[in-house]
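Contents: one structure, followed by commentary.
The values are calculated or read from the model by the stated rules, or taken from the named source; none is laboratory data. Predicted model only: the values in this text are computed from it and were never measured. Every residue, glycine as well, gets a Cβ built from its backbone with ideal geometry; the counts of neighbours run over all protein chains shown. What goes into the accessible areas is simple: the full protein's heavy atoms, side chains included, and nothing from ligands, DNA or RNA. Shrake-Rupley method; radii C 1.70, N 1.55, O 1.52, S 1.80 Å.
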Amino acid sequence: MTDTSVDPPRTPRRSPAGAAEAPRPTARRGHRPGTTRPDDGNATAATRPAGTRPTIARPAEGAAHLAATERPAAGTVGVEAVVGGAGAVGPAGADLHLDLPATGSRRSALMDALREAIRSGRLAPGTRLPPYRALAADLGIARNTAADAYAELVAEGWLTARQGSGTTVAERAEPVPPTRARRSSRPPRPAHDLRQGQPDAAAFPRTAWLAAGRRAITAAPNEAFGPGDPQGRRELREVLADYLARARGVRTDPDRIVVCSGFAHALRLLFDGPRAVLSARTAGSLAVEGYGLAFHRGLLAAAGATTRPLPLDEHGAQVGGLAEDPEIRTALLTPAHQFPTGGPLHPGRRAAVVDWARGRGGLVLEDDYDGEFRYDRQPVGALQGLDPERVVYLGTASKSLSPALRLGWMVLPDHLVDRVLAAKGEREAWASALDQLTLAEFIDSGGYDRHVRRMRRRYRDRRDRLVGALAEHAPHIEVTGIAAGLHAVLRLAPGTERSVLKAAAYRGLVLDGLADYRHPLLAGEAMPATDGLVVGYATPPDHAYPAALEALCAILPPPL
C-alpha cells in the first residue's frame, strides 16, 4: 500500500521588514541540523524514492563503536570489539573477541562463532554486539556477509535487532549449562584468630589513604603512568630516606634504596634465580636465628642456600659462633625484636656481628619487621646505622599498614645496588607505582606517623589486656617478648604444647605453637627446646578481642 499522505503547506514567516523568510526545516529527533545521518539500511517507504524496490532490513547498529586490535596469527581471524552506547548491558567499552577459521564460508564461520560465544555464556543475554559494518571491516569480509549472518541469527532467535537500540543477544538464548561448584581448599574462618604477623585489618586508615592517593595522583607527572622504574619511584625513595633516618637511625640516601613487594621478594632477589645477588655458590652458608619463620627457611632452601641456626638466649642471637664457621658469609637477624621469642639484640652482640662482617667480608641482613611498635622501652635503632656498607636493611609496610599493600624496601650497600637492580630486571613487575606514590604522600604529609602512633597506643592496650587476663585466669603462665611488637610468647610446661593446640583447635581458636618456629638443625644441647604459644594480639578486630582472650584462657593447662 502506497503512503500518499503529504505535509500541509507551511506559511512563510515574515521579517520585520515584511520580507518572506524561507521555512525552517524541522529537525528529526536525535538529529542535529547541519549533520547527516549514517545510512543504516532501514529506509522506510515514506523516504524511499518512488518506484524503487525495498531493501532487505539490516540489523540495527545503534550507537556502538568498534576499535580493532591486532590481527591474530595465520589460521584464525579474530576481532576484539569495544562496544557501548545507550541500552548496552554491562560497562561501556566491553571487549568482544571472535575466532574464525581461515578457510570456509565466511558467513557460516561468523554465525558459528557467535552461536558458540552465546552458547558458552561468553555473550550473556542483553549484550550489545558491534555494528555489522565495523565488524565486517575488522574481519575483512563483505558487509552483506556480516549483515546476513546477523539477520539469520535474529531469525533463529539468537539475536534481537531493534532500530536505534542496536543488535543484542536475545534474552531467550540457549542457557549456559550448569557447572559443578568447585570446592574451596581454604579452611573455614576460625571463631577466634590469634595468629601472629597480622595487624588489625579493620584499623587500616582508609580515609587518610584515599586522600593521600588523590593528592599523589593529581600531582604525579605523566611519566609516572608509564613503565615502572625497578628501583622504585623517586618520590617514595626520598621520603623513605628521611623517615628511616629520623625514626630508625638508618644512614642512607635515595639512590641506595630499592623498592620491592615485601620481605620474601627481597630474599628472592638476593638468593633466588640466575641473577641472584648472593647465590649459594658465592655467598657461602647463611646463619639464621635458631627460631624464625619456617616459610623464610623454605624459601632460602629452595634457592639452594644452606642455613645454620644460631642459638638464642635472653640477649638475642649468640653471634659469637659466627667466627667459628669459616663457611658462613651472611647472617640474617632480627636485631630490634627477635622473632618470635622477643627481645632486642644485646648492644655488645650488635657491635660484634658488625665487626665479624667487616673481618669476614660478609653481610648482615637486618629484618626490621616491627621496629616501630615498642611500648616499655626506648626504641632500638637499626643495626644498619653501625656500618651501612656491611648491613642490608629490610623493611616493609606489612605490619604498620597492611600486608595487602605489598610494599617493602631494601637499604643496600653501595656495591650491591646495581646487582639488585639487575636481578629485578629492566621494568618494575611487582610494586605498583600508584601505591608507591600514595605511600610517599602518606609519609610526607605526616599521615604515616599519626597512624603508627595511634596503632602503637591501640596495640599496647591489646597487650595490657592480654597480660591482665593471664594474670587473672592463668597466673602460672609466663609471658615474654611483650616490650615491643605485635605478639607475645606464653611459656608452657614441658610436654603440654601439642595438647593445648588440640584444645585450641576444638574451640575454633587459631594460634601457633613455639615448636613450629624452631630450626630443625638446632641442637638440643646448644638450646633446649621449650613448649609455648605464639599469640598475635593485633589480629582480631576490637569487638572480637574479648572473646578471643576468653577462649585462650580456657585452653591453658592448670598449674602442675
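The table for this structure:
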item	result
Qualifying positions in region 264-296 - over 21 Å from VAL391 (Cβ atoms) and of a type in the set (Lys, Arg)	ARG275, ARG281
Given (1) more than 20 Å from TYR393 (Cβ to Cβ); (2) touching an Asp or Glu at 6+ places or on another chain (Cβ under 9 Å); (3) crowded, with 20+ Cβ neighbours inside 10 Å, index of the condition ALA294 fails	(3)
GLU525 vs. criteria among the acidic types (Asp, Glu) and surrounded by 14 or more Cβ atoms within 10 Å (Cβ to Cβ)	no
Scan of region 257-270 for residues that are in a helix (DSSP H, G or I) and either open to solvent by less than 10 Å² (accessible area, probe 1.4 Å) or more than 22 Å from ARG406 (Cβ to Cβ) (or both), ordered by number	ALA266, LEU267, LEU270
Test: residue in region 135-145 that is crowded, with 20+ Cβ neighbours inside 10 Å, at pLDDT below 50 and closer than 17 Å to GLY166 by Cβ	no
Close pairs (7 angstrom Cβ cut-off, 6 or more residues apart or separate chains): without any contact (Cβ under 8 Å) to a residue 40 or more places away in the chain in region 526-539, of a type in the set (Lys, Arg) anywhere	ALA529/ARG518; THR530/ARG491
Among the candidates GLY359, GLY385, GLY408, GLY371, residue that is of a type in the set (Gly, Ala, Ser) and over 22 Å from ARG237 (Cβ atoms)	GLY359
Residue in region 75-83 that is open to solvent by 10 Å² or more (accessible area, probe 1.4 Å) and either among the polar types (S, T, N, Q) or at pLDDT 85 or above (or both) present	yes
Answer residue from region 206-219, given it is of a type in the set (A, V, I, L, M, F, W, C) and within 21 Å of the chain's Cα centre (by Cα) and is surrounded by the most Cβ atoms within 10 Å (Cβ to Cβ) among those	ALA216
Residues being open to solvent by less than 10 Å² (accessible area, probe 1.4 Å) and of a type in the set (S, T, N, Q) - total across region 351-392	1
Odd one out for ARG251, checked against (1) touching an Asp or Glu at 6+ places or on another chain (Cβ under 7 Å); (2) open to solvent by 80 Å² or more (accessible area, probe 1.4 Å)	(1)
Residue match in region 244-254 (condition: touching a Leu at 6+ places or on another chain (Cβ under 7 Å), basic (Lys, Arg), part of a loop (DSSP other than H, G, I, E, B) and modelled with pLDDT of 95 or more)	no
Contacts under 6 angstrom Cβ, first residue in region 149-170 being under 17 Å from ARG133 (Cβ atoms), partner aromatic (Phe, Trp, Tyr) and crowded, with 17+ Cβ neighbours inside 10 Å, 6 or more apart	TYR150/TYR132; THR167/TYR150
Residue tally, condition crowded, with 21+ Cβ neighbours inside 10 Å and β-branched (Val, Ile, Thr), over region 399-419	1
Residue count for region 512-543, restricted to those that are closer than 20 Å to GLN318 by Cβ and within 28 Å of the chain's Cα centre (by Cα)	1
Residue among LEU286, LEU300, LEU332, LEU312 that is within 21 Å of ALA483 (Cα to Cα) and of a type in the set (A, V, I, L, M, F, W, C)	LEU312
Top-ranked residue in region 424-448 [being under 29 Å from GLU389 (Cβ atoms) and surrounded by fewer than 19 Cβ atoms within 10 Å (Cβ to Cβ); ranked as farthest from the chain's Cα centre (by Cα)]	ASP444
Qualifying positions in region 477-514 - within 28 Å of ALA336 (Cα to Cα) and open to solvent by 60 Å² or more (accessible area, probe 1.4 Å)	GLU478, ARG491
Within region 194-205, tally of residues that are out of contact with any His (no Cβ under 9 Å at 6 or more places or on another chain), crowded, with 18+ Cβ neighbours inside 10 Å and not polar (S, T, N, Q)	2
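Table: residues versus (1) on the phi > 0 side of the Ramachandran plot; (2) in contact with a Leu (Cβ under 8 Å, 6 or more places away or on another chain); (3) surrounded by fewer than 22 Cβ atoms within 10 Å (Cβ to Cβ).
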{"residue": "GLU289", "(1), (2), (3)": "no, yes, no"}
{"residue": "LEU299", "(1), (2), (3)": "no, yes, yes"}
{"residue": "GLY304", "(1), (2), (3)": "yes, no, yes"}
{"residue": "PRO309", "(1), (2), (3)": "no, yes, no"}
{"residue": "HIS315", "(1), (2), (3)": "no, yes, yes"}
